[in-house]
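Participant: I am attaching a structure below and will ask some questions about it afterwards.
Please treat every number below as a calculation from the coordinates, not as lab data. Predicted model only: the values in this text are computed from it and were never measured. Glycine also receives a Cβ, built like all others from the backbone with ideal geometry; neighbour counts cover every protein chain displayed.
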Amino acid sequence: MPSYILPEKLREELSKCPGEIKEYVMHPGGICIAVGDVVVKELVDNNTPPNIGVVDYKTKRGRIDWEYRGFDLLLRVRNPPGHITQDLISTIDVAFKSVERGWRVLVEVDGEEDLASIPAIIHAPIGATVIYGLPDTGVCYIEVNEEIKKKAEEVLAKMEKR
C-alpha cells in the first residue's frame, strides 16, 4: 500500500486554513477531531476532550510530556514527517469506528502528526469538526461537508506516492 509524501509545491496550499480561524481553542460541539498537541491539551485541560485527539508529543517549541486524560482508547502509529502512511489512514479509520461506539480515542503518532487532518477529514462524518493549530496564526476549524471531503481527497491525490 502506498505512502503519501508531501511535495514542496503543496506546502503553501496546506498552510492555509480552508475553514474558520479562531484565536482560541474550544470544543465546537458534535464530533470533534483535534490534531496537534497544543490543541488536544487545551481541550483536555478544559475538560472537553475531543472525540479523537492526534498527538506526537511535539510542538514548534520542542518536546511536550504530559498525560492525556478523558480518552477510552489509545492507538499508536508510526508516521514519518511529511508523510501520510497507510498505517495512519487505517488508524484514523479505526478511531472513527471506535467513536461510533461512543469511545474517545487518542492517537499517538511516532513521527509527525501534522498531516493527519487530511485523512481525518476524509473519514469524518458530515457535520464533524476537525481542528488544528496554525503556528503564529490561530486555530483552524473545519466543518466537514462533501466539498471539504472532496478537497482533502484532491490534496491526497496530488501527493507523491511511494
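Participant: Which number gives the lysine pairs in region 18-161 that have C-alpha atoms under 18 Å apart and are eight or more places apart or on different chains?
Facilitator: Working: Lys22/Lys41; Lys41/Lys58; Lys41/Lys60; Lys97/Lys149; Lys149/Lys158; Lys150/Lys158; Lys151/Lys161.
Here the count comes out as 7.
Participant: Relative contact order of region 18-161, please, whole-number percent, based on alpha carbon pairs below 8 angstrom and at least 6 residues apart. Walk me through the intermediate numbers first.
Facilitator: Numbers: 277 pairs, mean separation 43.6, N = 144.
30 percent.
Participant: Also, quick follow-up: Given (i) 1.36; (ii) 0.94; (iii) 1.91 as candidate values of Cα Rg over 2.2 N^0.38 Å, which corresponds to the one derived from the coordinates?
Facilitator: (ii)
Participant: Same structure, new question: Using just the helices of the chain, give the 222 nm mean residue ellipticity in deg cm²/dmol: DSSP H runs with n ≥ 4 each add -39,500 (n - 2.57), and the total is spread over all residues, rounded to 500.
Facilitator: On the way: 5 runs with 51 residues, N = 162.
Here the helix-only value at 222 nm equals -9500 deg cm²/dmol.
Participant: Return the sequence-ordered ³J(HN,Hα) values of region 27-35 in whole Hz as given by the Karplus equation 6.51 cos²θ - 1.76 cosθ + 1.60 applied to θ = phi - 60°, using x for Gly and Pro.
Facilitator: 6, x, x, x, 6, 10, 10, 10, 10
Participant: To the nearest 20 debye, what is the magnitude of the charge dipole of the chain about its Cα centre, counting +1 on the Cβ of each Lys and Arg and -1 on the Cβ of each Asp and Glu? Walk me through the numbers on the way to the answer.
Facilitator: Numbers: 21 positive and 27 negative charges, 43 e Å.
Around 200 debye, computed over the chain.
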